[in-house]
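Each remark here refers to the structure printed beneath this line.
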Amino acid sequence: MRAFTYSRAEAVTHAAEQTRDGARLIAGGTNLLDLMKLEIERPDELVDINRLELGTIDEQDGGLRIGALVTNSACAADERIRRDYPVLARAILAGATFQLRNKATTGGNLCQRTRCYYFYNRDQPCNKREPGSGCSALGGFNRIHAILGASESCIATYPGDMAVALAALDAKVEIAAVDGSIRSVPVRAFHRLPGDTPERDNVLEPGEVITAVVLPSPAGGAQLYRKVRDRASYAFALVSIACVLGMEDGRISHASLAFGGLAHKPWHDERVDALLLGREPSDALFDEAADVLLADARGYGANDFKIPMTKRVLKAVLREATGENA
Amino acid sequence: MTRSLTMDEPDERNRLDAMAQGVIGKPLDRPEGPLKVSGSATYAAEYRYKIPGCVEGVLVTATIARGEVTLLDESSVRDLPGFIAVISDERMIARPAQGGAGESPVRKVREVQYYGQPIALVVAETFEQARHAAKHLKVEYREEPDALVDPADERATFEPFEDPTIQGDLEGSMRQAAHAVDVIYTTEGHNSAAMEPHASIAQWDGETLTLYSSLQMLRFNRKELADALGIEPEKVHLLSPYVGGGFGSKLGISPEGVAAAVAAIRLGRPVRVVMLRQQVFQCVMRRSETRQRLRLAADAEGRLIGFGHEAWVSNLPEEEFAEPVLQASEFLYPGENRVLDLQLARVHRVTAGSVRAPGEAVGMQALEAAMDELAEASGIDPVELRLRNIPERHPSEDIPYSSRKLEECLRSGAERFGWDKGPRRPCQRREGEWWIGSGMATATRVHNLNEAHARVTLRGDGTAEVASDMTDIGTGTYAVLGQIAAEMLGLDPAAVDVKLGDTAFPPGSGSGGSWGASSTGSAVFEACEGIREELARKLGCAEAGLTLKDGHAVSGNRKVPLADLLEGRDVEEIGHFKPGKIAEAFAAAMYGAFFTEVAVNAYSGEVRIRRFTGAFSLGRVLNEKTATSQCMGGMVWGIGSALTEDLVFDPRDGHIVNPDLAEYHLPVNLDVPHLDVLLVEERDPAGSPLQSKGVGELGICGAAGAIANAIYNACGVRPRSFPITPDKLLPGLPEV
Amino acid sequence: MPLTINGTDHDFTGDPRTTLLDFLREDCGLTGTKKGCDHGQCGACTVLVNGQRINSCLTLAVMHEGDEVTTIEDFGTAEELHPLQAAFVRHDGYQCGYCTPGQICSAKAMLDEAASGWASFVSEDLSAPGRLTPEEIRERMSGNLCRCGAYSNIVDAITEVLEAGR
C-alpha cells in the first residue's frame, strides 16, 4: 500500500471538494483497501466519510431513501426492505459474507470495481487499470467476463449483486456536488459500458459524492434474485438475475429484469421487459425473452457458456415468478 | 539410552491391546485444543512480538516466465521511508524444497524459470513499508521469448518419468473384453492453500541461526536450510510448534524462510518474512494438472482382465518429482494385462510437488470415475463390481497384501448410506429444480513409514514427557503421541506432556505422506518399551509380568505408585524407529469406500452434495476423534477437487490467473453437508509396531470420483474433466 | 476518542496504512486474530467491532476511534473457556487451529445476528427466518474458510451451544 494522508470529512460538500482534488473516499473499505494493498488503487489522500450523516433509511415519496453509508447488512435487515423490496434484500444476502456486508456500504458497493483477473494483476496489461496498455482478458482466461456490451478495450464485468436488484427496481442514485447541488441518476444509467474508456466504471465525476439510493414505491409482485456461482456461497456471480414481476388475470402486468455477471454494468434491457408485459406466461415467451436479451451476446471462449446458462436460468426465474412449475 | 526398532517383518505382538490403561484409540480431545480455540497457540509469524528489533521482509517475484534479472534498481526504493535493503543473494532459493529432499532446492534467484519466482527480498522497518517497497522496486529482465508454459502446447514433449509397468497384452484384452472402457480424464492444478501463509522469522547470533517457521518436516528442513546457507545443520535451530496447515506445501524449506535467514545474517537483525497470500499460490507448490487415459477390460462377470492407466503431468526443469498418479493403480485392481505409464513434460510453471495425497488424490478420482463407466457398461452394480475386483496378490509384484479391509468398507459403507443395489439409470429422480443421484467410489492410499526418533521421559513424579521435532499440522499428533505414551506407561493422558516442533528434540519423522503418527508413534512406543523394562527391573519382575495402570506399577500382588518406584528420579529413553524391509514385503495400504448423494440443478448445472458417507480402514485407530476429523477433511478436499478447485494458468506467460482465495475456490461451509465417517476396526501387523497405518490423506483418495459418479447418476452428464463446474455440465443437461 | 480493545483503551498513532488486523497482532500483541489472506477472502481475521463481525484485514486502525473491538482473547482463556470455545474442542471443530479464532468470533456474532432476526440467503422467509438450522449455520459461517475441512464439526459445535442457550 502506498503511503497516503488520512483525514475525515465533516460534511458532504467537504468530501466532494476532496474528490475534486483527487482524494479517494473510504467508507467500508472492503473493496478499496483490497485494491490499495495490491497498489491497483494508489490514492495520495484518503478521506474517511464514515462520520457523515448518511447512515439511515428514510421514507420518501412512497419509497425509501437509503443513505450511502447504510451497510449492506443493515439494508438487508431493514424490515421495510425485507417486506417491500425482497429482491434487494435477497441480492444483498447473495453477495459476499456477513463479515463483508457488515462493512460494505450502499454507496461503496455501487462503486465496486471489477474482479477481472487481469485488472487484479498489476503486472499484466489492462486498459481499465492503465489506459492504453491493452486488454489481457482478450486472448487470456475470460471465463468470468462479459457477453454483452463489451468492447475491444475491455470485457470486464461489474461484479456486484445489490446493484442488479437496484436496476430491476429502477432505483435512483442521489449524487451531491461540491456546491451542494444534488443530481439523480437512475441506477440503470449509473454504471457505464467500457467503450474506449474502460477506466471509468460509472458516471460519478470528480467533485461528486453518492449520498443515497432512492427506491421508488414498492412494485409488489414476485421478487426473485437468482445467482449462479462456482460454489454454494462466497463467490461472485457467473450469471445472476433480479426479477420483479407482477401478474394480473393470468397475464404479466409488470416485468422488470436485470442481470449480473453479463456486462460491465448491471444489465437491463427494456425490450425484454416490454416483450413480457401483457403476455400470458409460457415457455415460448420465456425463450423469446432470452432470445431478445441475448441477440447481441458474444462469448470470448471460456465464457461462451454464459449464453446458454443465462437462457436456462432466465427460464427458471420466469417460471417461478409467474407460477409456472419447474 | 536409545533403543532402535527396525521393522523387517510384521509385528504380531500387538502390544498396545495388551496394555491396561485403555486410552489408545479413545476419542479424546486434543490436548492443545484450549490453546488453539483461545488464540494462544503461537504460530511462526507471531513470535515477532516477542523479538525486539525484528524487521520485515517481503519477497519480490518475477513477472516473466523465463529469462534473467538484469537489474534490481535499489535507487528506486532507497528513499522510501523505512527502507533497509534489497537482498538478492546466491544463497536464496528460487523454489521450495521437495518433501524429504534434505538439501537445498534450486537457488539461482536471478535466473527466472517461472512467473512468480522469488528474485529478491526487500527489507524495511515495518510490513507496510516493506510491501510497498517490494512492489515499487524497479526490476529489469532479459526475457527469453516463447517460454514453454503450457503442457497442452504442441511443443511440449512428454517423457517417461519412471519405468512403466507393462504386462501381457492390454490391447488384446481390450479386444477380447466382454466390457471395456477407454476414456480420458483430466484434472487441473491444485494449491494446498493452508490457512496460515508460509512465514518465517530468522535470528542470527553470529553462530547459530534460529528460525521460527511453518514447516512439516524439521529434520529435513534443517538440512535444506543449512545447505542453502552453507552452514552446518547443527547451527540451525528450527521451531514449528504450531503449523497452520500444511498439506504438503510446507514439507520442504520454502523461499521465505531462506530469504529471512539470509537477510538476518546480512543485516545482523532479526527478520520476518511472511508470504502474501498471492505468493503462496505463485511460488510454493502446485499439484500438477493431469491428463489420464484409463483402459479397463473386463470379462462377462466384470472381472478385470486388462488394466491400463497412463498419465501425463508436468513440472519445472530440474525437479525430481512427478505427480505419482498411478500409485494406487499399481495394486488396487487386478488385470493380468497391464500398462501403467507416467509421463512428464518440463514446463515453466511454478514447482509441482506434493499436495495432500500426491498421486491418489487425482489418480483415484479418475480411476473410480472410469470404474463407474465400466459398471454402467457391464450392467453390474458399482459396489458389486469393486467386490469382484479385489486381487489375491499384488498384480505386478509377487507379494501379498497386508491387512486389507476393502470389502468390509464397501459393505459397511453401503449399508450405512443405504445404497440402492437396483438398476442404475441417470435422470430418474427429480426434486423441484434438482436432479438427484447417488454415486460411490473406492478409497485407497499407499501406506508409508519413515525413520523417526522420539524421547520419552518418565519423570520422577510419575508424569511423563514426550519430545520430538515431529510436527502437528492439525493432524492430531499432540493427542496421539500422548495417548501412545499414556497407554504404554499406564498414565492418564493428561499426565503426559507432548513437546513437538523443535529441532532441539530428537528428530521425528515429520508430517507428510500420512506416515507421521505411525512412524513417530512407533518411536514413542519403542522408548516406552525401554522405560517399561527399566520399571520392571526396579520392581524386580519380568517386563512381561508388568502392568502399568493409573500411575501404578503392578506385578503379581504388588502395586506400587510410579512416583514411589522412581524415587524421584527420571527415566529417559529415546526410541528410534526404522521402517526396514517391511515396505518391500507387503503391499500395505489404507482402504475405504465413499458413498454420496448429490443434487444437480436442472437449469444451471450447479451441484450440491446432500449426503456423504465414508467408511475407512486405517489399521489401528489411535484417536477416534482426530482420525474421524482427518477423514472428514479429506472428504472436503474431495468436494473441492470434484467441484470447485482449479488453478488456472495464463496460456501466454504461465502466470497463475487466480492466485487468491476469492477466485481459487476452496469449499466453504455451505458446500459441505454433514459428513458421515465410519471407521472400520482393523489391526495391521505390517502397518507398524502399533498395527496402525496412515490417516490424513485417505479421505480424499477417490472422493471426487464418487461425486462425479453421483452427478452422472443424477443428470446423465460425465464431463470427464475436473472440477465439474456448472459450465461443463450445461451442454449435456436435458433441455428445460 | 480512544479505540477500546477487549475493554482496554488504546490510542492509535501509527502509520495510517496499518490495518486493524496488524494493529491487533503487531502493536497490541493480540495474535489470536489471524492473518490468512489479508484481502477479506478467508475470514481468519474476523473480530467484533461494536458487536458486529468484520474482517479486520480490510479496515484501517485509524478509522476505529471510539469503537469497541472484541477479539478471541476476550472470550475465554485456555484454562477457562467460553462455551463456544469448549464446544469447538469437544466437537473437534478445528484441526490446525489457524482459522479457529475467526470461526469462533464469527459464530458468536452469528448467534447474535440470528437473535436479532437477521435473515440469510438460504432463509425461506426473509421477514421470519426462524431458527438456525444446520443449513442456516452453514450459509452464515461461509465467510470463514477452513482448509482442514472441519466444517461438519464446526456446525455441530455451534448447534450444541445454540441448543444449550435455548
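The simple Förster model, with R0 at 56 Å and r as the Cβ-Cβ distance, assigns B:Asp299 and B:Glu234 a FRET efficiency of 0.40.
The mean number of partner chain beta-carbon atoms within 10 angstrom of a residue's beta-carbon across peptide C:57-66 is 5.
If you average the C-alpha positions of the stretch B:45-71 and of the stretch A:138-212 separately, how far apart do those two centres end up, in angstrom? Answer, in whole Å: 38.
Using R₀ = 56 Å, calculate the FRET efficiency as 1/(1 + (r/R₀)^6) where r is the Cβ-Cβ separation of B:Asp570 and A:Glu39; round to 0.05.
On the way: r = 57 Å, r/R0 = 1.02.
So, using R0 = 56 Å, E works out to roughly 0.50.
Which pairs, out of A:Lys37/A:Lys103; B:Lys26/B:Lys625; A:Lys128/A:Lys306, put more than 19 Å between their alpha-carbon atoms? All intermediate terms of the calculation are to be shown ahead of the outcome.
Values: A:Lys37/A:Lys103 17 Å; B:Lys26/B:Lys625 8 Å; A:Lys128/A:Lys306 22 Å.
Those over the limit are A:Lys128/A:Lys306.
Can you give the net charge of the other residues whose Cβ lies under 10 Å from the Cβ of A:Ala295, counting K and R as +1 and D and E as -1? Around A:Ala295, the charge tally is -2. Charge tally for A:Leu275 (other residues, Cβ to Cβ under 12 Å; Lys, Arg +1; Asp, Glu -1): -4.
Helix A:283-293 axis versus longest C-alpha principal axis of chain A: approximately 30°, rounded to the nearest ten.
For a footprinting-style exposure proxy, rank C:Trp118, B:Trp637 by other Cβ within 10 Å, fewest first.
Working: C:Trp118 20, B:Trp637 29.
By the 10 Å Cβ count, ascending: C:Trp118, B:Trp637.
Charges at C-beta only: +1 for Lys and Arg, -1 for Asp and Glu. How large is the resulting dipole of the protein assembly as shown about its Cα centre, in Debye rounded to 20?
It works out to roughly 640 debye.
Cross-link reach is defined here as a Cα-Cα straight distance under 19 Å, omitting same-chain residues fewer than 8 places apart; for A:Lys172 the lysines meeting it are A:Lys265.
Once backbone amide H atoms are built at 1.01 Å from N, A:Ser253 has A:Gly246, A:Met247, A:Glu248, A:Gly278 as its partners under 5 Å, excluding neighbours fewer than 5 places away on the same chain.
Per-residue counts of other Cβ atoms within 10 Å, averaged by peptide: what ranking do you get for B:168-181, C:31-44, A:115-128, B:308-321, highest first? Don't skip to the end; give the middle numbers.
On the way: B:168-181: 17.4, C:31-44: 27.3, A:115-128: 22.7, B:308-321: 20.8.
Top of the packing list down: C:31-44, A:115-128, B:308-321, B:168-181.
In percent, how large is the relative contact order of chain B, given Cα pairs closer than 8 Å and 6 or more residues apart?
Working: 2080 pairs, mean separation 135.4, N = 736.
It rounds to 18 percent for chain B.
Taking all Cα pairs closer than 8 Å and separated by 6 or more residues, the relative contact order of the stretch B:43-355 comes to 26 percent. What you get for chain B, charging only the Cβ of Lys and Arg (+1) and of Asp and Glu (-1), is a dipole of about 1100 debye around the Cα centre.
Applying the Karplus relation 6.51 cos²θ - 1.76 cosθ + 1.60 with θ = phi - 60° to the stretch B:96-103 yields 3J(HN,Hα) values of x, 6, 5, x, x, 4, x, 9 Hz, where x marks Gly and Pro.
What percent does the relative contact order of the stretch B:489-617 come to when contacts are Cα pairs within less than 8 Å and at least six residues apart? Let's see the in-between values first.
Values: 132 pairs, mean separation 26.7, N = 129.
It comes to 21 percent, rounded to a whole number.
For chain A, the longest principal axis of the alpha carbon atoms and the long axis of helix A:306-322 meet at an angle near 70°. For the stretch B:436-446, backbone phi angles converted through the Karplus equation (6.51, -1.76, 1.60; θ = phi - 60°) give residue-by-residue couplings of 10, x, 10, x, 9, 7, 7, 10, 7, 8, 4 Hz, Gly and Pro being listed as x.
So for each of B:255-262, B:446-453 I average, over its residues, the number of other beta carbons within 10 Å; can you give me the resulting order with the highest mean first? Walk me through the numbers on the way to the answer.
On the way: B:255-262: 30.8, B:446-453: 23.9.
Those peptides, ordered most packed to least, come out B:255-262, B:446-453.
Under 23 Å Cα to Cα from B:Lys108, which lysines show up? Leave out anything in the same chain fewer than 8 places away. Reachable lysines: B:Lys135, B:Lys138, B:Lys223, B:Lys250. A dipole drawn for chain A from +1 and -1 charges on Cβ atoms has a positive end, and of A:Val313, A:Asn121, A:Leu262 the residue lying farthest that way is A:Asn121. Count the net charge of all other residues whose Cβ sits under 15 Å from the Cβ of B:Gly418, scoring Lys and Arg as +1 and Asp and Glu as -1. Combined, the nearby Lys, Arg, Asp and Glu give +2. Of all DSSP-defined beta bridges confined to the protein assembly as shown, some 75% are antiparallel rather than parallel.
Comparing A:Asp273, A:Asp84, A:Asp58 in a Gaussian network model of chain A (Cα springs below 10 Å), the most mobile by mean-square fluctuation is A:Asp58.
The mean number of partner chain beta-carbon atoms within 10 angstrom of a residue's beta-carbon across peptide B:271-278 is 3. The Cα center of the stretch B:562-626 and the Cα center of the stretch B:188-234 differ in position by 27 Å. Build a GNM of chain A with springs between Cα atoms under 10 Å apart, and of A:Ala263, A:Ala163, A:Ala295 the one that fluctuates most is A:Ala295. Peptide B:599-606 is shielded by partner chain Cβ atoms: per residue, an average of 6 of them sit within 10 Å of its Cβ. Connecting C-alpha atoms closer than 10 Å in a GNM of chain A, tell me which of A:Ala189, A:Ala258, A:Ala242 has the biggest fluctuation. For chain A, modelled as a Gaussian network with Cα springs under 10 Å, the answer is A:Ala189.
Each DSSP beta bridge with both residues in chain B is either parallel or antiparallel, and the antiparallel ones are about 75%. Across the options B:Cys528, B:Leu374, B:Thr503, the greatest Cα extent toward the positive end of the charge dipole of chain B (unit charges at beta carbon of Lys, Arg, Asp, Glu) belongs to B:Cys528.
Throughout, read-outs are computed from the coordinates displayed, never taken from laboratory work. The structure presented is a predicted model; accordingly, all values stated were derived computationally and were not measured. Positions of Cβ are generated from backbone atoms using ideal geometry, with glycine treated the same way; all protein chains shown enter the neighbour counts.
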